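Notes for the one structure printed next.
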Amino acid sequence: MFRKNLILIIAIFATFIIFSCKWEKNKNTKITLVMAEVNPPETIAGRTDQFFKEKVEELSGGKIEIDLQCSGILGDNVTVRNLITKPGSTIQIARQSVAGFVSMGCKKYALLSIPFTFSNREHFWKFASSETAQKLLDEPREKGLNIIGLYYGEEGFRHLFATKKVSSIKDLEGLTMRVTTDKALQAIAENLKMKQKKVNFADLYAAFSTGQVDVADQPLTNFLPNHFEEVAPNIILDSHQLGIMETVITTECWDSLSESQQKILRAAGKLASEYCRKISEEDEYEVLKNIKNAGVTVVQVDDITPWQKALENFIKESAADDMELYQEILSYATK
């Protein structure tokens, strides 16, 4: 009897040793997570990704490596989004525009694309660090999309630019605006009494050159690199939308990580958000100076009220399904 008990004790102890060694091995094993970015590394998005990569590797002591692939090497945003939302993705982390998930059923995200939602950057970043923002980060997983949001970023406000000087809403009437499938952009054109023309971004310069469009919108950081000052040298700073980014991770990957590894990714994401805010503000200031030096006419909008009033019905309709949440987002403007 003693002999049997001794054998049992030895077997249990050996099993404990085996699993302990296995746990220690897994704990110290280096893991590599693939991260996709459609923009070049020198852009705001690319630099924010690189900062996130460095912080993850620093905070993990090199135990978590981020294999960052920029410039669309792993596919455009749609391709990457379709891949990461399906099981077995070879990409674990991706930086995406929040608008991209609206078409996939994330209705809360649509609230962030409503024109004139954010009055300034401070408003957005107060929201981004709030419990309200976390509700949106969690929405893709709730919708069964196999992803969860890690952190926010932004590329600056989008403004209108045109072939002729635009000093007010009245100057836009009758002009042709370049639109996409984005309903908010279409609503801006419609409610500001412009004609609409769907044009791929790659063809936008040519569309201006040939007179197909008179007006388009972009963040200031995209203006000079695409040589728009040559064909549409007039900007009005209406700040109708903020170019909001979100970095997401697949739920398969997230659930496979330990609690301490998850904390490292969250902490690195928080630092990356703060870094993004800093460089976005700095870049926009420098870019605006360069745009003016390039001979572009820049008009400041002192009173945005007429613009908001023109889009009042669209704004109400867009927020109607979740007005309480939308009011929460707006409330951070005064907190």
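The values are calculated or read from the model by the stated rules, or taken from the named source; none is laboratory data. What you see is a predicted model; the values in this text were computed from it and never measured. No Cβ is skipped: glycine too gets one built from the backbone with ideal geometry, and neighbour counts run over all protein chains shown. Accessible surface is based on the protein model in full, side chains and every heavy atom, while ligands, DNA and RNA are left aside. Shrake-Rupley method; radii C 1.70, N 1.55, O 1.52, S 1.80 Å.
Any residue at all in segment 232-245 that is of a type in the set (Val, Ile, Thr) and either open to solvent by 70 Å² or more (accessible area, probe 1.4 Å) or farther than 23 Å from GLN134 by Cα (or both)?
Step one: of segment 232-245, the residues of a type in the set (Val, Ile, Thr) are 235-236, 244.
Still in the running and either open to solvent by 70 Å² or more (accessible area, probe 1.4 Å) or farther than 23 Å from GLN134 by Cα (or both): 235-236.
Taking every residue of segment 232-245 in turn, at least one turns out to be of a type in the set (Val, Ile, Thr) and either open to solvent by 70 Å² or more (accessible area, probe 1.4 Å) or farther than 23 Å from GLN134 by Cα (or both).
Please tell me if ALA189 is assigned to a loop (DSSP other than H, G, I, E, B), in contact (Cβ under 8 Å) with a residue 12 or more places away in the chain and open to solvent by less than 10 Å² (accessible area, probe 1.4 Å).
Numbers: assigned to a loop (DSSP other than H, G, I, E, B): no; in contact (Cβ under 8 Å) with a residue 12 or more places away in the chain: yes; open to solvent by less than 10 Å² (accessible area, probe 1.4 Å): yes.
Criteria not met by ALA189.
Any residue in segment 32-55 that's among the hydroxyl-bearing types (Ser, Thr, Tyr): show its pairings with residues that are open to solvent by 10 Å² or more (accessible area, probe 1.4 Å) and modelled with pLDDT of 95 or more at Cβ separation under 7 Å, as long as the two are six or more apart or on different chains.
THR32/GLU65; THR32/ASP67; THR48/TYR275
Return the total of residues in segment 94-109 being open to solvent by 40 Å² or more (accessible area, probe 1.4 Å), in contact with an Asp or Glu (Cβ under 6 Å, 6 or more places away or on another chain) and not in a helix (DSSP H, G or I).
Qualifying residue count, segment 94-109: 0.
Residues checked against (1) of a type in the set (D, E, K, R); (2) under 18 Å from MET245 (Cβ atoms):
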site	(1), (2)
THR29	no, no
ALA36	no, yes
GLU42	yes, yes
ASP49	yes, yes
LEU59	no, no
ILE66	no, yes
ASP76	yes, yes
ARG81	yes, yes
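Can you tell me which of SER260, SER280, SER256 is under 14 Å from PHE51 (Cβ atoms) and among the small types (Gly, Ala, Ser)?
On the way: SER260 fails: under 14 Å from PHE51 (Cβ atoms); SER256 fails: under 14 Å from PHE51 (Cβ atoms).
Within the list SER260, SER280, SER256, the selection yields SER280.
Could you give me the residue pairs with C-beta distances under 9 Å whose first residue belongs to segment 151-178 and is farther than 23 Å from SER119 by Cβ, whose second residue is part of a loop (DSSP other than H, G, I, E, B) and small (Gly, Ala, Ser) wherever it lies, and which are 6+ apart or on separate chains?
Close Cβ pairs satisfying both conditions: ALA162/ALA232; THR163/GLY211; THR163/ALA232; LYS164/ALA232; THR176/GLY211.
A quick yes/no check of all residues on (1) modelled with pLDDT under 95; (2) farther than 30 Å from THR48 by Cα; (3) basic (Lys, Arg):
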{"position": "GLY153", "(1), (2), (3)": "no, no, no"}
{"position": "HIS159", "(1), (2), (3)": "no, no, no"}
{"position": "LYS164", "(1), (2), (3)": "no, yes, yes"}
{"position": "ARG178", "(1), (2), (3)": "no, no, yes"}
{"position": "VAL199", "(1), (2), (3)": "yes, no, no"}
{"position": "MET245", "(1), (2), (3)": "yes, no, no"}
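Using the structure shown, decide if ALA206 is surrounded by fewer than 16 Cβ atoms within 10 Å (Cβ to Cβ), assigned to a helix (DSSP H, G or I) and under 23 Å from the mean Cα position of the chain (by Cα). Steps first, please.
Working: surrounded by fewer than 16 Cβ atoms within 10 Å (Cβ to Cβ): yes; assigned to a helix (DSSP H, G or I): yes; under 23 Å from the mean Cα position of the chain (by Cα): no.
It is false that ALA206 is surrounded by fewer than 16 Cβ atoms within 10 Å (Cβ to Cβ), assigned to a helix (DSSP H, G or I) and under 23 Å from the mean Cα position of the chain (by Cα).
Mind listing whichever residues of segment 162-186 are closer than 19 Å to VAL298 by Cβ, open to solvent by less than 50 Å² (accessible area, probe 1.4 Å) and part of a loop (DSSP other than H, G, I, E, B)?
VAL166, SER168, LEU175
I'd like the residue in segment 70-93 that is buried (at least 18 other Cβ atoms within 10 Å of the Cβ) and not in a helix (DSSP H, G or I) and, out of all such residues, is nearest to the chain's Cα centre (by Cα).
Ranking the candidates gives ILE93 first.
Working only within segment 230-256, note down all residues that are farther than 21 Å from TYR152 by Cα and not in a helix (DSSP H, G or I).
Residues of segment 230-256 that are farther than 21 Å from TYR152 by Cα, as a first pass: 230-238, 256.
Within segment 230-256, VAL231, ALA232, PRO233, ASN234, ILE235, ILE236, LEU237, ASP238 meet the criteria.
Considering each residue of segment 235-264, count those that are out of contact with any strand residue (DSSP E or B) (no Cβ under 7 Å at 6 or more places or on another chain) and within 22 Å of THR85 (Cβ to Cβ), and give that number.
So in segment 235-264, the residues out of contact with any strand residue (DSSP E or B) (no Cβ under 7 Å at 6 or more places or on another chain) come out as 252, 255-260, 262-263.
This time we only want the ones that are within 22 Å of THR85 (Cβ to Cβ), so: 252, 255-257, 262.
Matching residues across segment 235-264 total 5.
Where in segment 286-332 are the helices (runs of 4 or more DSSP H), entirely inside, with at least 2 residues that are under 26 Å from the mean Cα position of the chain (by Cα) and small (Gly, Ala, Ser)?
Numbers: elements: 305-310, 312-319, 323-331.
Counting at least 2 such residues, we get 312-319.
Any idea which residue in segment 266-296 is surrounded by the fewest Cβ atoms within 10 Å (Cβ to Cβ), counting only those that are hydrophobic (A, V, I, L, M, F, W, C) and either touching a Ser or Thr at 6+ places or on another chain (Cβ under 6 Å) or without any contact (Cβ under 8 Å) to a residue 12 or more places away in the chain (or both)? Please lay out each step first, then the result.
First pass over segment 266-296, keeping only residues hydrophobic (A, V, I, L, M, F, W, C): 267-268, 271-272, 276, 279, 287-288, 291, 294, 296.
Now drop any that are not either touching a Ser or Thr at 6+ places or on another chain (Cβ under 6 Å) or without any contact (Cβ under 8 Å) to a residue 12 or more places away in the chain (or both), which leaves 272, 276, 287.
Details: ALA272: 26, CYS276: 26, VAL287: 18.
Among residues in segment 266-296 that are hydrophobic (A, V, I, L, M, F, W, C) and either touching a Ser or Thr at 6+ places or on another chain (Cβ under 6 Å) or without any contact (Cβ under 8 Å) to a residue 12 or more places away in the chain (or both), the one surrounded by the fewest Cβ atoms within 10 Å (Cβ to Cβ) is VAL287.
GLN134: at pLDDT below 95, open to solvent by less than 20 Å² (accessible area, probe 1.4 Å) and polar (S, T, N, Q), yes or no? Let's see the steps before the verdict.
Details: at pLDDT below 95: yes; open to solvent by less than 20 Å² (accessible area, probe 1.4 Å): no; polar (S, T, N, Q): yes.
No.
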